[in-house]
1. Filter the range 181-218 down to residues that are in a strand (DSSP E or B) and not hydrophobic (A, V, I, L, M, F, W, C) and give me whichever is surrounded by the most Cβ atoms within 10 Å (Cβ to Cβ).
2. Out of the residues in the range 134-160 that are within 15 Å of the chain's Cα centre (by Cα) and of a type in the set (A, V, I, L, M, F, W, C), state the one that is surrounded by the fewest Cβ atoms within 10 Å (Cβ to Cβ).
3. Within the range 70-100, which residues are surrounded by fewer than 21 Cβ atoms within 10 Å (Cβ to Cβ), under 23 Å from residue 144 (Cα atoms) and in contact (Cβ under 8 Å) with a residue 24 or more places away in the chain?
4. Inside the range 96-116, can you point out the residues that are farther than 29 Å from residue 211 by Cβ and out of contact with any Gly (no Cβ under 8 Å at 6 or more places or on another chain)?
5. If you check residue 107 against the conditions, is it over 20 Å from residue 219 (Cβ atoms), in a loop (DSSP other than H, G, I, E, B) and in contact with a strand residue (DSSP E or B) (Cβ under 8 Å, 6 or more places away or on another chain)?
6. Scan the range 197-205 and tell me whether some residue there is modelled with pLDDT of 95 or more and closer than 22 Å to residue 71 by Cβ.
Amino acid sequence: MKAIKVSVQIFLFTLVFTLVGVGLYLLFPAFHPGGFLYPGAAFSASGAVSDTVIVLDAGHGGMDGGALASDGTMEKDLNLALTLQVGQILKYSGFQVILTRSDDVMLGDANGGKKKQADLAERLRIAESGEDNVFVSIHMNKFPDARCKGLQVYYSPNDPASERLAEKVQQAAAAIQAGNKRKIKPATSAIYILHRAKVPAVLIECGFLSNAEELSNLKNQEYQKELATVIAAAIMDGVINERT
């Protein structure tokens, strides 16, 4: 009975902060990311909800465009747009947030033309810049079979909290992606940051640019707000549960 009571309290706590954060976000949609410090430094809200610092990573950037849709939409742009919105909701809800990037840039100081390797190494450095960090990377998917669709979350095998957070996000996706049956997956060495991260870390593939319906949704500003809200709420739920 006590466990049930605690779970209800956690749920209500998360719901209140989500509603407050979303409400402020909708009232001030033009918020400039200057409210964050980046890269590698957290915006510390007065009376922050948690000591946990959420590192939000908009995948790709600069000369690395990521996946390319048939209509020319670049993954890097959708990643950044969604990441900024997730960050706004978390910030307004009283959480500390780091952005690995807030503009269309690659990270790191590349030597010998190894720009991608330097970029990933810098993102990993930022992810591990604090022992209370939780790393969340935002990406889009693409596959030759245009029927493939649905958000899917990968998690670092190096910290049990990663799998729990991934499950929170994956389950929350059902709120706006009816019929999404995808399961979370552990990251292999192919996912550089998650494979090496020593802090809780997940990578969210938010949808398929190769699926016409999903591409249309991901480009839609209202859908982006809904998706950002779902992701932010799942992160908050995961963080609060881990620290309770």
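The values are calculated or read from the model by the stated rules, or taken from the named source; none is laboratory data. It should be emphasised that the depicted structure is a prediction, and the values quoted were computed from it without experimental measurement. Glycine also receives a Cβ, built like all others from the backbone with ideal geometry; neighbour counts cover every protein chain displayed.
1. Restricting to residues being in a strand (DSSP E or B) and not hydrophobic (A, V, I, L, M, F, W, C), the top hit is 207.
2. That would be 151.
3. Across the range 70-100, the qualifying residues are 70, 71, 73, 77.
4. Correct list: 96, 108, 109, 110, 111, 112, 113, 114.
5. For residue 107, the condition - over 20 Å from residue 219 (Cβ atoms), in a loop (DSSP other than H, G, I, E, B) and in contact with a strand residue (DSSP E or B) (Cβ under 8 Å, 6 or more places away or on another chain) - is met.
6. yes
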